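Read the structure below first, then the notes.
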Amino acid sequence: MATKKVTVTIPEDLLDEIRTDAAERGLSAYVTEALRFKRDRDRLLELVDWLQEEHGPVTGDERAAALKELDELDAEHERRRTAGKHNAGEAA
């Protein structure tokens, strides 16, 4: 995949935290992952907006179910991320 070097401005305290978190995989990989995550979330929000325009607003029960599922997905992501640190050479 082609890459391109860019310059960004980040608050110093945040950069210090990110460098600590990103130590093993590198700052560029960390930022790339964060940007992809943000882009994907933005696209999902666009989809939600479109779906609500097409099918009406989400009910309280539907929202609660979706938030529960997101919590479960986030927990699974965290479990895999943490396991990846301990099993660096193993396939997921």
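The values are calculated or read from the model by the stated rules, or taken from the named source; none is laboratory data. Just so you know, these numbers come straight off a predicted model, no measurement behind them. A quick note on method: Cβ atoms are made from the backbone with ideal geometry, for glycine too, and the neighbour counts reach across all protein chains shown. The area values use the complete protein model at the heavy-atom level, side chains included, leaving out ligands, DNA and RNA. Shrake-Rupley method; radii C 1.70, N 1.55, O 1.52, S 1.80 Å.
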Accessible area per residue, Å², the chain with all protein chains present, probe 1.4 Å: 94 Å²
Which of Glu24, Glu46, Glu76 ends up with the largest GNM mean-square fluctuation for the chain, with Cα atoms connected below 10 Å? Glu76
Sites Ala65 and Leu44 - FRET efficiency at Förster radius 22 Å, r taken between beta-carbons, to 0.05: 0.90
Here the membrane-span-like helices of the chain, with no claim about any membrane, defined by DSSP H, Cα axial extent at least 20 Å and mean Kyte-Doolittle at least -1.0, are 27-55
Which whole-number value in Å³ per residue fits the convex hull of the alpha carbons of the chain? 178 Å³
Only four residue types carry charge here, +1 at the Cβ of Lys and Arg and -1 at the Cβ of Asp and Glu. Report the dipole size of the chain about the Cα centre in Debye, rounded to the nearest 20. 600 debye
Enumerate by residue number the trypsin sites (Lys or Arg not before Pro) in the stretch 1-88 meeting two conditions: DSSP loop (anything except H, G, I, E, B), and at most 13 other Cβ atoms within 10 Å of the site's Cβ. Lys4, Lys5, Arg25
Simple spin-label estimate for Met1 and Arg19 in nanometres, 7 Å along Cα-Cβ: 2.5 nm
List the aspartates and glutamates whose alpha-carbon lies under 16 Å from that of Lys68, not counting same-chain residues fewer than 8 positions away? Glu76, Glu78
Just name one of Leu44, Leu14, Gly60: the one whose Cα is farthest towards the positive end of the charge dipole of the chain (beta-carbon charges, Lys/Arg +1, Asp/Glu -1). Leu14
Ignoring ligands, DNA and RNA, what percent of the accessible area of the chain is carbon or sulfur (1.4 Å)? 55 percent
